[in-house]
Amino acid sequence: NAGVTQTPKFQVLKTGQSMTLQCAQDMNHNSMYWYRQDPGMGLRLIYYSASEGTTDKGEVPNGYNVSRLNKREFSLRLESAAPSQTSVYFCASSEDPAFYNSPLHFGNGTRLTVT
Amino acid sequence: EDKVVQSPLSLVVHEGDTVTLNCSYEVTNFRSLLWYKQEKKAPTFLFMLTSSGIEKKSGRLSSILDKKELFSILNITATQTGDSAIYLCAVRGGSNYKLTFGKGTLLTVNP
């Protein structure tokens, strides 16, 4: 009963390096999300995918790209990492945003440090 | 712009105390308000509220929504050290049903 699985758990990058954060869910959810969490800032939405084949920008999309590979998987890519992207990244999924009685289910997070 | 404000930002209590956490919001096309508990890792879902005045309860935790005054409270009675966590409030609304999170309340329960 995995729920939402994120990899890796931790990552250290140098400025300018690229990487992809992976996320997969096994709950057959339609919608998936990427958030970042910074001290004193709460959770901020980076990108979301309301359904397979669609992606949309959230509150803080600059410096990131996403791919909804299939219904299960939603990846987040940093093309050229910057120290401002040091954060904890959470992937989440929900049944369908239009069913507003469906809560988000979160993965355990990826702690990313950019030096 | 949608806004969710939680207060207090942090709170320290002793075991056995009762606490009330506040969440106020400004959001277009309100759909629902959700409470999450975050310990070391992933936020875990507590409650979803869609109607005013109806209390949701789970053990020592309860929550209620006031859609006229645009706020919700989360009550925890007889607190335990295991209640120590960040409590997040989130509101779903707008034209695309995205969740907007508050900054959270850090609750510390001392033995």
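Below, the figures for the structure above:
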quantity: Single residue of the stretch A:78-110 satisfying the filter (loosely packed, with under 14 Cβ neighbours inside 10 Å and within 30 Å of A:Gly16 (Cβ to Cβ)) that is nearest to the other protein chains (Cβ to nearest Cβ); calculated: A:Ser84
quantity: Scope the stretch B:1-48; condition within 11 Å of B:Ala90 (Cβ to Cβ), of a type in the set (A, V, I, L, M) and crowded, with 20+ Cβ neighbours inside 10 Å; matching residues; calculated: B:Val4, B:Leu33, B:Leu34
quantity: For B:Ser51: the one exception among (1) within 14 Å of another protein chain (Cβ to nearest Cβ); (2) of a type in the set (Ser, Thr, Tyr); (3) outside any loop (DSSP other than H, G, I, E, B); calculated: (3)
quantity: Test set (1) within 13 Å of another protein chain (Cβ to nearest Cβ); (2) among the hydrophobic types (A, V, I, L, M, F, W, C); (3) buried (at least 21 other Cβ atoms within 10 Å of the Cβ) - B:Leu74 fails condition number; calculated: (1)
quantity: Residue selected from the stretch B:77-104 under the condition under 27 Å from A:Tyr47 (Cα atoms), over 11 Å from the mean Cα position of the chain (by Cα) and not charged (D, E, K, R), by the criterion nearest to the other protein chains (Cβ to nearest Cβ); calculated: B:Tyr97
quantity: Strands (runs of 3 or more DSSP E) contained entirely in the stretch A:1-103, each with at least 2 residues that are over 14 Å from the mean Cα position of the chain (by Cα); calculated: A:10-13
quantity: Every pair of residues 6+ apart whose Cβ atoms lie under 6 Å, when the first sits in the stretch B:15-33 and is modelled with pLDDT under 95 while the second is acidic (Asp, Glu); calculated: B:Val27/B:Asp2
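The values are calculated or read from the model by the stated rules, or taken from the named source; none is laboratory data. Note that this is a predicted model, so its numbers are computed, not measured. All Cβ positions, even for glycine, are placed from backbone atoms using ideal geometry, and neighbour counts span all protein chains on display.
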